[in-house]
Structure formats: C-alpha cells, structure tokens
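Report on the following structure.
Just so you know, all these numbers are worked out from the coordinates, no wet-lab data involved. For clarity, every value in this text was computed on a predicted model and none was experimentally measured. When we count neighbours, we look across all protein chains shown, and the Cβ atoms used for this are built from the backbone with ideal geometry, even at glycine.
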Amino acid sequence: MSDHRVVIIGAGFGGIGASIKLAEQGIEHVILEKLDDVGGTWLANQYPGCRCDVPSHLYSFSFALNPEWSDSYSLQPEIWRYLKKVAVDHGVVERVRFGCKVDAARWDDEAKQWRLETSAGSMTTDVLIVAHGFLSEPSIPHFEGIETFAGQVMHSAEWDPSYDVTGKRVGVIGTGASAVQIVPEIHKQATSLSVFQRTAAWILPHRGRTIRPWEHELYRRVPAVQRAVRGFHYWSSEFLAVPALMKPAGGKLLKKLAVKHLETQVPDPELRAKLIPSFKPGCKRLTPSNEYLPAIASPMTTLVTSGIDRMVPEGIVTADGVTHQLDVIILATGFRVTDNTFPELVIGRDGRTMRQTWDEDGLGAYNGTTFAGFPNFFMLAGPNTGIGHTSLVYMIEAQLPYVLDALRLMKERGIASIDVRPDVQASYNELLQRKLSPTVWNTGGCKSWYLDKNGFNTTIWPDYTFKFARRLERFDVESYYQELTPTTERKLAAIS
Ligand code: NAP
C-alpha cells in the first residue's frame, strides 16, 4: 500500500499541468494513467484528420508556448508531441504510473484520506485530483446485429493506426466534430464512403494555414510576439463568440456564414437541403472545415439520411430497407459525458457513489472543481467548465491556482479536510442554470451532449472565460466545511 499527499488521475493536459504546478510547490504526488503514455485525449484520438479546431497558439499551456507549431490549427500528432515534450521537460513523466487504472476511490472519514483500488494495487492519498477528461469514454450506441458485421468496427477515439482504409467501402456514423475531420481524410483513400447522418451539422469556413519559417524564427527570438498573437486569438473569440452564444437572437451572422459556405461548396440543391440543420448554430459545437462538404458532395460519397435499422454481415440496413455494403464502420458517435462511468467508482463521505449523489441531488459541482460530500477532491475540467469557442487548456489552467491555494491553506492552517458546503454548491448551480436558460446551448433546438438526461446543462460555462479564471484566483475557504488535523486541534486546545 503506497501513501501519498496527492494522487492525480490522468496524464493529459489537466494531469500534466497539475503535476507541474504541484512540483513547483514541492508537493509530493503521483499520477495514475491507464494508458501507456502521456497525452490523454491527444493520445487516444488518432483517427485520420484529427486536429484541434482551436488556434494552436491558444491551445497550449500559457507557461510553455511552442514557437514551432507548423499549422495555425494543429494536427493531433503535433499536439501529442508538444504534450510529451512538456511532460518530459518538466520531469512529469517520472511521476506517472502508466497502465494503472483506478477501479475505486473511497473517502475514509476517520483517516481523512482517499483509499484507492487500482490495477497496480491499493494506495491512500490525502488529496485526489481527477483529470480524467470528460471526453474520454467512447459512446458506442447499441445497433442491433453489430456483432454480426463481417468487417471492422472502430470508434473514432479507439482508432487502430495500423488499419488502412485504402480501397475499402467505408461507413461513417455521425456528423459531429470528429466525423467532420475524419470524412475528408477517409474520402481520399476509400473506394466508397457512406456517411450516416442523423442530424446535419453547421459547417463554418476554416481559416487554417501553414505557419511560415520566418514566423517560427520571430516567435523563437521574441516570445512576446507569440504571446500577443495568443492574446489576439483569446480576446477576439471571447468578445465575438460569447455574446453571440449567450443571447437568444445571437448567431444570425454565424448562420449567414455557414449557409454561404454550404452554397459555395455544394452545388446540388437537393443535397444542400439535407445538409441544413434545423437547430441554431452554436447549439452544438461549431465545426469548421473547408473539406467536409466537398467530400460529402463528391460522387463517391453517399449521404444517408434514412435512420439505421440494424447491422448485418454485409453492412448497414437503413429504415428505408436499403442495405449499404461496407468493409469498415467508423463510429464517430461521440462520448459518454453526463453519463460516464467514472462517478460510479467514487464513494464519498456518506457512502454514496458520486453517480448516486448526481442522480439523487442533481449533477453539479462548485466552481466546476469540488463536490459537496467528497472532501479533498478536485476535478479538472469538471461540470460546467466546457466551452466551445476557446481553449479548454485555459479553463484547466484557471483551476490550478484554486487547487494550489487550497493545498497551501490546508498546510498553513493544519486543515485535514475541506468539503464544499451543499448550500454554496446549490446556489452556484442555480445561478449557472439561470444564466444558461436563455442561451443557444439550451434553447437552440438541438439535442447535444451538453445537456444531461433531465435537460440540465451540466457542461457549459455560460460566461466570459476570464470571469471563471477570476473566480478561481483564490480558494474561498469560507465556502467549505473544514476539519482540523489532530495536531492542530491539540495545539488550539493548549492555547485556549
Ligand atoms: P458528437 O459531437 O457527440 O457527435 C456524435 C455524432 O454521432 C452525432 O452526429 C450524433 O448524431 C451521432 N450519433 C450518435 N449516436 C447515434 C446513433 N445511435 N445513430 C446515428 N447517429 C448517432 O461527438 P464527436 O464528433 O466525437 O465530438 C465530441 C466532442 O469532442 C466535440 O463536441 C468536441 O468538444 C470534441 N472534439 C473536439 C475537436 C476539436 O477540434 N477540438 C475535434 C473532435 C472532437 P445526433 O447529432 O443526431 O445525436
């Protein structure tokens, strides 16, 4: 049984960032990572065309800018290499236990510690930082007969890089952000492509470009210039996107842009009609691409809008009775976000799992980070920290000072456990839901992974992101129940 001050779960952006900041403060910790390398989502997602639709200069740690980005919107291999380099340069890799899966985490209220059961044995920790990522559990819908399909079935987030689609008849299910990136790449290699669309997506023009050698040289020599470019991306997306998404009438300009893009790229009016979504742009994540619509309009692609009835050995049978002959089916069907299994593994102070508390009391966190009844537990990229218009790395970095400040206060004041007060958490969530109710994410007429089964938006941060960062600059210990360590209690008793 190993004993730690802090255990971090996950070695993606969140876990790596947390480890760097903890190490700077000399706080002992270990990272548990179920995969065999660092990178999190950027290691798991290796599908063709995988890239980030947030500008490269913004999609990185503020303390580790990368002057070498080759494209203004980086591809997955480059983002993964960046993360790996940051982890190596900051000594994070030595603190990771790879291939270590957490099976259970139970709060021990007597010891004021978390007891973990993992694939590498049991361990205890005073503080648990969960950075498992909310897009880490593939959603595999149940299709009747899927097990009878004679070809290969792959989820986008479980892509086998050795699989070659050249010369294959490929079916892609889904038209979300992952599919929009996969489809154009597959289209270049496959013999035929069938895209199974349940709901059309708004496609915006993509502004990506190769970064020129002289720009690299400039960023290397004068990092302030890269910082200014990063600032430009950050502030322009805040002040353009947030008001458009927050107001019910917002999004008109986005719609105009997307419709013009569609008209330019898809000449056939019948096909165009199938590609126009019925919901407002922004209700689901906006998907920029200059290659998706031409790939759909290509003669070798079939856009299938009749629903999937079942799978058979030869392919997919749709509701109109047509059998689509396929060699491989790609499930670009997204992730289990509000219903992922991680909360079932975590047992809090009152013996209930986090899932039970969410089901019974409603899903929600305080400051997207802490949960009433789960002491000394911090989640990075937790509920209502999601954003579509800017970098999630910004949100994660905004959480780190909060966690670090909590640990500092606990040490200075001899606090054994902190647990957010349920009334504080409840009023925080009421405020969030009030702010969310008129926004496009709630009222835009779509069904997205932002909403839970009760229609609550437990995913999105409904304001400027700098306001989130400001909220979390300081740990508001007064919002938490605190229990002192026995030593502190003895000292206080001796004084009084
Ligand atoms: P997604 O946005 O949830 O899309 C899933 C797609 O699968 C939807 O089109 C959905 O249709 C379809 N689908 C699900 N179940 C189905 C079923 N039973 N039958 C038919 N169709 C079904 O998932 P995603 O594309 O993987 O993206 C998830 C998130 O990952 C994004 O929102 C984004 O945050 C992140 N991501 C980011 C980037 C980036 O560049 N930063 C790239 C990729 C992904 P319906 O719409 O009808 O439900």
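Compute the Cα gyration tensor for the stretch 169-258, then decide on rounded, prolate or oblate, letting a ≥ b ≥ c be the square roots of its eigenvalues: rounded whenever a/c is under 1.5, prolate when a/b is larger than b/c in the other cases, and oblate in all that remain. Verdict is oblate for the stretch 169-258. The GluC sites (Glu not before Pro) found in the stretch 405-483 that occupy coil by DSSP, while having at most 16 further C-beta atoms within 10 Å, are E473.
How do E263, E215, E110 line up, fewest other C-beta atoms within 10 Å first? Present the calculation step by step, with values, prior to reporting the outcome.
Values: E263 12, E215 16, E110 5.
Taking fewest neighbouring Cβ atoms as first place, the list is E110, E263, E215.
Once backbone amide H atoms are built at 1.01 Å from N, S417 has E483 as its partners under 5 Å, excluding neighbours fewer than 5 places away on the same chain. Taking a straight line from the alpha carbon of K34, these lysines sit under 26 Å away, with near neighbours fewer than eight places off in the same chain left out: K21, K84, K85, K101, K112.
Near H324, the amide H atoms lying under 5 Å from its own belong to I316, V317, T318; only residues 5 or more places off or on other chains count, and H is placed 1.01 Å from N. What shape does the stretch 20-149 take by its C-alpha gyration tensor, where a ≥ b ≥ c are the square roots of the eigenvalues and a/c under 1.5 counts as rounded, a/b above b/c as prolate, and the rest as oblate? Oblate, since a/c reaches 1.5 and b/c is not below a/b.
Using Cα centres only, tell me the gap between the stretch 434-456 and the stretch 74-140 in whole Å. Spelled out, the Cα-based centre of one part sits 30 Å from the other. With pairing defined as another cysteine C-beta under 4.7 Å, the cysteines of the chain that fail it are C50, C52, C100. Extending 7 Å from the Cα toward the beta-carbon at both E28 and V322 defines two label points whose distance is 6.4 nm.
With R₀ fixed at 22 Å, the C-beta to C-beta distance from W235 to K85 puts the FRET efficiency at about 0.20. Relative to the current alpha-carbon distance between E147 and K274, full extension at 0.36 nm per residue lengthens the span by 42.7 nm.
If R₀ is 41 angstrom, what is the calculated FRET efficiency for the pair D103 and R474, using the beta carbon separation as r and rounding to 0.05? After rounding, the FRET efficiency stands at 0.70.
Report the full-extension gain for the segment A224 to R434: residue separation times 0.36 nm, less the Cα-Cα distance, to one decimal in nm. Write out the running numbers ahead of the final one.
Working: separation 210, 0.36 × 210 = 75.60 nm, distance 3.93 nm.
Once the chain is fully extended between A224 and R434, it gains 71.7 nm.
In whole angstrom, how far apart do the alpha carbon centroids of the stretch 1-50 and the stretch 358-400 sit? Centre-to-centre (Cα) distance: 17 Å. Considering every alpha-carbon pair of the stretch 277-334, the percent of pairs per 5 Å bin, from zero through the bin containing the longest distance, is 4, 13, 17, 24, 20, 14, 8, 1.
Over the stretch 244-348, what per residue volume does the convex hull of the Cα atoms give, in whole Å³? Walk me through the numbers on the way to the answer.
On the way: hull volume 19.2 nm³, N = 105.
Measuring per residue, one finds 183 Å³ for the Cα hull of the stretch 244-348.
Can you classify the stretch 96-167 as rounded, prolate or oblate using the Cα gyration tensor, where a ≥ b ≥ c are the square roots of its eigenvalues, rounded means a/c under 1.5, and otherwise it's prolate if a/b beats b/c and oblate if not? Note, shape of the stretch 96-167 comes out prolate. Only the Cβ atoms of Lys and Arg (+1) and of Asp and Glu (-1) were treated as charged; on that basis the dipole of the stretch 228-275 about its Cα centre amounts to roughly 140 debye. Longest stretch of the chain clear of exposed loop sites (trypsin sites (Lys or Arg not before Pro), DSSP loop, at most 10 other Cβ atoms within 10 Å, sites excluded): 210-452. In sequence order, the stretch 475-482 has phi-based couplings of 7, 8, 4, 5, 8, 10, 6, 10 Hz under the Karplus curve 6.51 cos²θ - 1.76 cosθ + 1.60, θ = phi - 60°, and Gly or Pro positions carry x. Ignoring aspartates and glutamates fewer than eight residues from K411 along the same chain, the ones with Cα atoms less than 19 angstrom from its Cα are D3, E24, E28, D109, E110, D126, D419, E473, D476, E478, E483, E489. Placing pseudo-labels 7 Å out from each Cα toward the beta carbon at K247 and K411 gives an inter-label distance of 4.7 nm.
Can you sort F468, F13 by how many other beta carbons sit within 10 Å, fewest first? Before the final figure, lay out each step's value.
On the way: F468 20, F13 29.
The most exposed by this proxy come first: F468, F13.
Segment M1..A494, full-extension length gain: 174.0 nm, with 0.36 nm per residue of separation and the alpha-carbon distance subtracted. Of the GluC sites (Glu not before Pro) found in the stretch 1-85, the ones in coil according to DSSP and having at most 14 other Cβ atoms within 10 Å of their Cβ are E28, E68. Once backbone amide H atoms are built at 1.01 Å from N, T333 has S156 as its partners under 5 Å, excluding neighbours fewer than 5 places away on the same chain. Projection of the Cα convex hull of the stretch 369-496, averaged over all directions and equal to a quarter of that hull's surface, yields 8.8 nm².
Treat the count of other C-beta atoms within 10 Å as a stand-in for reagent exposure and order M410, M154, M300 from fewest to most.
Details: M410 21, M154 17, M300 11.
Listed from fewest to most nearby Cβ atoms, that is M300, M154, M410.
Taking the charge dipole of the chain about its Cα centre, with +1 at Lys and Arg Cβ atoms and -1 at Asp and Glu Cβ atoms, the residue from L407, P223, S56 reaching farthest to the positive side is P223.
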